[in-house]
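The next block holds one structure in the form of structure tokens; read it before the comments.
Throughout, read-outs are computed from the coordinates displayed, never taken from laboratory work. This is a predicted model, so every value here is computed, not measured. FYI the Cβ positions are ideal-geometry reconstructions off the backbone, even for glycines, and counts take in every protein chain you see.
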Amino acid sequence: MRKKRLLARTPVLLCLLLATLFSYAQNQTVTGKVTDAKDGSPLAGVSIVPKGSARGTSSAPDGSFSLTVTAATHTLIFSSIGYGSKQVDITGDVVNVQLTATNASMNEVIVVGYGTQRKREVTGAISRVGGDKISEIPVPSFEAALAGRAPGVQIIQGNGLAGSGSVVRIRGVGSISASGDPLYVVDGTPIIADPFLRGNGGAMNQNPLSSINPNDIESIEILKDAGATGIYGSRGANGVILITTKRGRSGQPLFTYSNKLGIATYTKKLDFVDGPQWLQLRQEAWLNDGHTGYASLPGGVTWAQASQTNTNWWDLLTQKGFIDDHSLSMSAGTSKLKTFGNLTYSNDQGYLKNNAYTRIGARLNMDYNALPNLKISLTSAYNRGTNKRVHAAWDGGIGDAMSSALPIYSVYNSSHSDYYRTTTNPVISLNEYRRRQTDQRLLGGVALEYQPIHNLFVRGNYSIESTRSNDDQFNTPQLDTSKHTGFAQRSPSWGKNETANLTANYLWNPGEQHKFNFLLGTELQDYTRKGYSTDPITENTDRPFWENGGEYKRLRDSLLSAKVHITEVAQERFTFNSFFARINYTFHDKYSFQLIGRVDGSSKFGTNHKHGFFPAASAAWNISDEDFMKDIPRLSYLKLRASYGIVGNANFGSGLYYDKYNRGTNTYNGLPTLYLNGLGNPDLKWETLHNVDAAAEFGFFNNRLTGEIAYYYKTTTNIILNPGVSPSIGFTSIYRNLNNSKILNQGLEFSANLRIIDGKDLKWSVGGNIARNQNKVLEYELGPDAVSGGTNDTRIVKGLPVGVNYLVRFYGVDPSDGLPIWLDKNGKQTKTFSLDHRTYVGSVQPDYFGGFNTSLQYKGFELSSLFTFVIGGNIYENSGKYQFLGVSKKFWNFRKDFLDHWTKPGDISKYPRLVADAASYPGVPSEDQFNSTMFLRSASYLRMRELTIAYRVPRATLKKLFFKDFRIFATGTNLLTFTKYPGGDPEITRDFENSQDRNLSPNITYLTAPTQKTFVFGINANF
Amino acid sequence: MNLHKFYKINILIIGVLVMAGSCSKFLDKPPQGQLSKDQVFATDSNIVALGNGIYTYLGDGNFTGGRVQALSDMLGDQLDGSNLTGDFSEIYKRQNSIFGGTRDDMYKKGYLVIATANNILENLQAVSADHQALAKGQALFFRGMAHFELVRLFAQPYGYSSDNSQPGIPLRLTTATNSISRSTVKQVYDQVVADLKSADSVLPADAGDGGKFYTATKWIAEAYLAKVYFQQNDFANAFLYADQVIKSGKFQLDADFTSRYSLGGTKEAILRLPNQVSHFQPGSEFISNWRSDTKNPTLYFTNQFYNYATGDAADKRVAWYSNTIKPGYNSLTKFNFNYMEQPLTHLTEIYLIRAEAGAELGGTTLATAITDINLILARAYGGTSRNLSAGATATAVIDAARTQRELEMVGEGNRVQEIKRIGARTGNNIDRRGSPWTCNGFILQFPKAEQDANAAFQLNPEGGCF
């Protein structure tokens, strides 16, 4: 197998090798400095490209640059964000250039799939977020920093567990069982970002993205429509997030040190009643149900014990966490060799005791101009994220503090000689259970860029993403009292993701007004993730394996050598084989057209549909350059663009298209076992998305007001569904593309930025974006309960959004007896609950979402803030129903907001009478079926996501010092939240069971830990 | 230059073509650790292994390794379920609704037994002659017993109507994945009997493991036939098959009834599921629900039943109960251990079937019935003092058999089926909770998914019991 893979790749290498042999040319090195025409200050990061070439350099922080060009080059093009581009003829070895600020980003070069484009020529919908925005705030994982930054990109930040991942949705969700997550591409390599690599272990989804180092990121481009994602074919439907890492620039070595130090706590927590009040409410419920005497108490606790105990479990499990983040980077370059290196250490303790995420990272990116027409680039990064895990949500820990760890329960026994073990006691596992999840990611690539002839650029790239993950757990003998030594286990897995691509780019300018850019490419991807056939590997031992690696190795090797016990198994494996082409044509520098076609084959697709073809067409018109627009006052820029294309979603598991049997890890009577493990479907293929986008990008008042308004219309068909089969076939799932299925996502996005004051010393700008997405299931034929989000009450129903809440309507409380009044399907009041009364009452999808920001600068001082908001949509408190029934035999903590309940005839109250058994409400089968709009909330909120005060030391002062730039800052995240939601934090990402759960139930909470609130201080220093 | 250009571009094109050519194998990379159907049915050992897998389902905590029995006991009239929550509470209250993972998992596991059995039956041609009879007989037995266990829980009992046309369960006889509607109870029982009889005709008389009976023999097929006919109140056939099992001489009553559930001690098991620590532990859900020495039991008895079962100090089986091991709980101690070998039908039950069926038939079989019930009584009371006389009436024998059945098979999920069988036989409601044996809530609701896959699927009416 290995040999074959190498063979498959040989042609790529061969081509590149041969190509290098044929290169020759005469060279010239041009140096110079780029400055601002206004005040003469040096301009960093200016793109300098020889005319007719796609490969250039960028200026160093002091504005200097050095570039080797061929003799055929006579002109250099200088361009930079916010400055006009300038063409300068090469008249000697030194070229000094002044650029004038245009304050328009239209000449900005942005990253697109397999290349870059000038923004004015871009025909697709792409939002760019600069790396500074990603690294400036402390977040559990880099993608959380995108929140509020890009229109139509919904980020629901992960919950309060360190390292937790966010739900990212680009222009809505069109999938049910297949993942709705975007494709993440780092420096051209599609990376593994599956949050279900470890399922839902310990009520947390492993987040592979958390190991990505925010300090490495130069920019993030979010591709939204088919004009942008079309080049990713079968994987473009959910949008693509392109991450470009920092690279070296020419000039003297520049070091950057930045840090953040601070504390973390929680945003909003739930308030529960204390022990005495809980007992009083329990007694009330007991008597309400017609019992007499003292109410029975759970776990054999007596009233005497209970009334003397008042434990605050939340306080016992939380802390003020320490945040500690350091990054040191170096950029240096000559005309031949440019280097960027970065070392990072960060530790986020979070607010849960014993919970922390520690990341160390190292990066080395190098670009070597071996020949004037040959560049070799190395991209390499190593990241290691160590997650000190704690139990959460349904698995215990802070989840217990919000559920079954009652204030009447004791932590220790009466003599304090041991824990109190009969009742829920999360302090035991806090002290006696340890878990480390370690994720290592090595992402390295080599690219050769070769220009065999004028205007032809051939680029070959090979990259490998190697991941290694250990999930270690350890129980002390105190936790696992049946074991005398302690119990260690490790669940290892390791993956290899190789990508090789070869592209050829040809620029053709037949006449002054016509510019063509042809791209032809092919790509192979091969991913394998392995683990052991028996997982986890366990042993009774006195130390965890991470402290005793030798013992683990000994154990593993002895098991491996015996072969019968464990073998290496490639649990997940897929390949993609793709061919793609793109033609860009620009006419008069005003009209741009783009055609894309991609053929994708994948091992994930069924035998009957091995390959798919995905075309896209798009166009842009810089209409403000037309003569008839020239006279419109105050208009500085206007561009119209539109796209249509067909892209796919192949974000589902592999090996799903055939019936599967697996060998049992158990035996029967000592003999091997075999199980029918799943039914397949040879017709399985990608989901198909038809994607239309139309937009206007504008600038007014000399581009002091800029923005974009976009409309899109997306329909997904061939929707992949896993459940909804008759369970009497012995299985509840078969992956298949549903006939007659269609989901619509249609929406409007608006973003704008206004520089209100733009003086030399004083600057004030405001910006923001808002998006409205209409999500609707247009065609669907299954019953209402066929698909549900995990254990949550969200459904798929024709005519309604994905993930509608399907609940019994709670009308109110009957003041005479305190019983709940429900509405049946027809809206008629009834006091008998029935699951037949369920109807569609809400949706977990917001009506509007977005963010706005403002920045005020005076001389070196800067005050900036970012707000994010959600308007409309619902939150369903799946755990709220049990918290309300806390004093019934469910025995959970009782929330203070439920105190507004009926106690005596005549009471007008929000919540009904308390009961000792949920079944005392007529018709309620059990507390599990007590789902109603009593716990359905509005999801609207406004959150102050970020507030930063910074001071940059003036350049004049710095000259006396060692530093080239020095900035100090203080940042707070999630400082303020405005919401009517009674259940704590309204930004909810719970643990999910699978992609379907994630698609349907983003706003469902089940003992979800609130997100972090942080305060940090730090510096950024260049020297 | 031009030549160079031509040459380079050609190399590029050739390179791309070579890559394209190598792609058909490149796209054939399934995950490892899985076998395809072709691979499985290529060797006899795989097919044997597939059958072994089904045995582990029989001891699985989701199916007959305790779940079927526990849910049956919740529907019965011995438990104090006032502190049960969630699915258990619903089932205990005899108001099982359309949702409930505990029930759904059991249903699914039962049908997985059936699906795997059908998978084997459809591919018998791939099995060599040496293994064919066993593979076929096992698969038929598995399919028959699983349908039987499920129809008893999800449909009104045999005898509920004169022609048994009440809806039963989906009868799955192929691996087709389309949704099918419920067959009638009669159709299900007929198929169960047909499958078990076919199994009986091809299964061996001995498991070849020195009397351990870790794999199916004709005797487990016949034991199930006895159970099925007995449930149908078809006493002649029940007697016939119970008699054949007993007369095979392969099984003996344990002298000590506590060894029936133990590690390696029982001689009663018609089919015994062996325990292999860390590889396969049958009966886990008996232990997790009932265990009362290391934790508070989930399932425990009402005072009424506890007093009834422990009222006679001479009864050695009183040792199965305790209200002191965990104060406040009327506990069963029958499953207080870490592991056990699980008998899937034991000789005690077969004797009790022959006793009651024999008495029902009367005539020459009554004497056999009296001998049978006296075997059970003598063991329970440590002597013959409580034995019935040789001249005991059929009614006395039937009464004794029913009483001994409840006491012997406590915690084995038997009682609720007796309430229904006796209801169908006599029309009397013997439920201590006072519900009519025909009330809706006495059977489980189907998983809602059946209806979502097929709107025409008929769910059970709910509620109506006490």
Counting Lys and Arg as +1 and Asp and Glu as -1 over every other residue whose Cβ sits under 14 Å from the Cβ of A:ASN826, the net charge comes to +2
Pseudo-spin-label distance A:ARG468 to A:LEU442, built 7 Å along Cα→Cβ, given in nm, is 0.7 nm
Hull volume per residue for chain A, using the convex hull of the C-alpha atoms, in Å³ is 192 Å³
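Going by average Cβ density within 10 Å per residue, which order do the peptides A:671-683, B:212-224 take, highest to lowest?
Top of the packing list down: B:212-224, A:671-683.
How would you order A:827-835, A:162-170, A:357-365 from highest to lowest mean count of nearby Cβ atoms within 10 Å?
Numbers: A:827-835: 15.1, A:162-170: 26.0, A:357-365: 20.4.
Ranked by mean Cβ neighbours within 10 Å, highest first: A:162-170, A:357-365, A:827-835.
Among the complete DSSP H segments of chain B, which ones combine at least 30 Å of alpha-carbon extent along their axis with a mean Kyte-Doolittle hydropathy of -1.0 or more?
On the way: long enough: B:129-154 (38 Å, 0.28).
What comes out of the filter, once short or polar helices are dropped, is B:129-154.
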Which of B:LYS109/B:LYS250; A:LYS353/A:LYS496; A:LYS604/A:LYS660; A:LYS353/A:LYS1013; A:LYS604/B:LYS448 exceed 23 Å between C-alpha atoms? The answer is B:LYS109/B:LYS250; A:LYS353/A:LYS496; A:LYS604/B:LYS448
Each residue of B:213-220 has, on average, a number of other protein chain C-beta atoms within 10 Å of its C-beta equal to 1
Rounded to one decimal in nm, the spacing of the 7 Å Cα→Cβ label points at A:GLN513 and A:LEU705 is 3.3 nm
For A:PHE894, other-chain or 5+-apart residues with amide H closer than 5 Å (H placed, Pro excluded) are A:VAL273
Burial-style ranking of A:570-579, B:40-49, A:508-517, average other-beta-carbon count within 10 Å with highest first, yields A:570-579, B:40-49, A:508-517
P(r) of the range B:331-459 over all Cα-Cα pairs, 10 Å bins starting at 0, rounded to whole percent, reads 11, 31, 30, 18, 7, 2
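Tell me the net charge near A:LEU317. Cut-off is 9 Å between Cβ atoms, A:LEU317 excluded, with +1 for each Lys or Arg and -1 for each Asp or Glu.
-1
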Per the helix-only model, chain A has a calculated mean residue ellipticity at 222 nm (DSSP H runs of ≥4, -39500 (n - 2.57) each, divided over all residues, rounded to the nearest 500) of -2500 deg cm²/dmol
Sequence order, the range A:452-466: Karplus ³J(HN,Hα) from phi using 6.51 cos²θ - 1.76 cosθ + 1.60, θ = phi - 60°, Hz rounded, Gly and Pro as x, gives x, 9, 4, 6, 10, 10, 10, 10, x, 9, 10, 9, 9, 10, 10
The relative contact order of chain A, taking Cα pairs under 8 Å that sit 6 or more residues apart, comes to a percentage of 12 percent
To the nearest 10 degrees, the tilt of helix A:549-562 (Cα long axis) against the first principal axis of the alpha carbons of chain A is 90 degrees
When A:SER410, A:SER864, A:SER561 are arranged by how many other beta-carbons sit within 10 Å of their Cβ, fewest first, they go A:SER561, A:SER864, A:SER410
Counting all Cα-Cα pairs in the range A:505-602, those more than 21 Å apart amount in percent to 63 percent
Restricting to Cα pairs under 8 Å and 6 or more apart, the percent relative contact order of the range B:280-396 works out to 23 percent
Taking only the alpha-carbon atoms of the range A:455-579, the convex hull volume per residue, in cubic angstrom, is 152 Å³
Phi-derived 3J(HN,Hα) across the range A:820-825 with the Karplus relation (6.51, -1.76, 1.60, θ = phi - 60°), rounded Hz, x for Gly and Pro, is x, 10, 9, 10, 7, 4
Shielding of B:93-99 by other chains, given as the mean Cβ count within 10 Å, works out to 5
Looking only at lysines whose Cα falls under 24 Å of A:LYS964's and that sit 8 or more positions away or on another chain, we get A:LYS33, A:LYS38, A:LYS133, A:LYS246, A:LYS260, A:LYS338, A:LYS760, A:LYS763, A:LYS859
Each residue of B:31-44 has, on average, a number of other protein chain C-beta atoms within 10 Å of its C-beta equal to 6
Of the listed links A:LYS224/A:LYS685; A:LYS798/A:LYS904; A:LYS388/A:LYS798, those spanning more than 32 angstrom between alpha carbons are A:LYS798/A:LYS904; A:LYS388/A:LYS798
For the pair A:LEU762 and A:THR481, the simple spin-label estimate (label points 7 Å beyond Cα toward Cβ) gives in nm 7.1 nm
Rounded to whole angstroms and listed largest first, the alpha-carbon spread of the range A:717-829 along its three principal axes comes to 74, 53, 23
With +1 at each Lys and Arg Cβ and -1 at each Asp and Glu Cβ, the charge dipole magnitude of chain B around its Cα centre, to the nearest 20 debye, comes out at 860 debye
Between B:THR371 and A:LEU328, Cβ-based FRET efficiency (R0 56 Å, step 0.05) works out to 0.05
Assertion target for A:ARG434, A:ARG543, ordered by fewest C-beta neighbours within 10 angstrom first, is A:ARG543, A:ARG434
Which residues qualify? For B:LEU273, with a placed amide H closer than 5 Å and at least 5 residues away or on another chain, they are B:GLN342, B:LEU344
Length-normalised contact order of chain B, Cα under 8 Å, at least 6 apart, in percent, tallies to 19 percent
At 25 °C in a medium of viscosity 0.890 mPa s, the range A:651-708 has a Stokes-Einstein diffusion coefficient, with Rh taken as the Kirkwood radius over alpha carbon pairs, in µm² per second, of 144 µm²/s
Here the range A:182-253 gives, from Cα atoms, an Rg and Dmax in Å of 15.1, 50
The range B:55-99: spread of alpha-carbon positions along the three principal axes, whole Å, largest first, is 34, 25, 14
Tilt, helix A:2-21 to longest principal axis of chain A (alpha-carbon atoms), in degrees rounded to tens, equals 30 degrees
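Using the Cβ atoms and a cut-off under 12 Å, what net charge is assigned to the surroundings of A:SER864, where Lys and Arg are +1 and Asp and Glu are -1?
-1
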Taking placed amide H atoms and a strict 5 Å upper bound, the residues 5 or more places from A:PHE966 or on another chain that come that close are A:VAL953, A:ASN1022
Final fewest-first order of A:THR485, A:THR706 on the 10 Å Cβ neighbour count is A:THR485, A:THR706
HN-Hα couplings for the range A:928-941 via Karplus (6.51, -1.76, 1.60; θ = phi - 60°), in whole Hz with x for Gly/Pro, come out as 5, 9, 8, 7, 8, 5, 4, 10, 9, 10, 6, 9, 5, 7
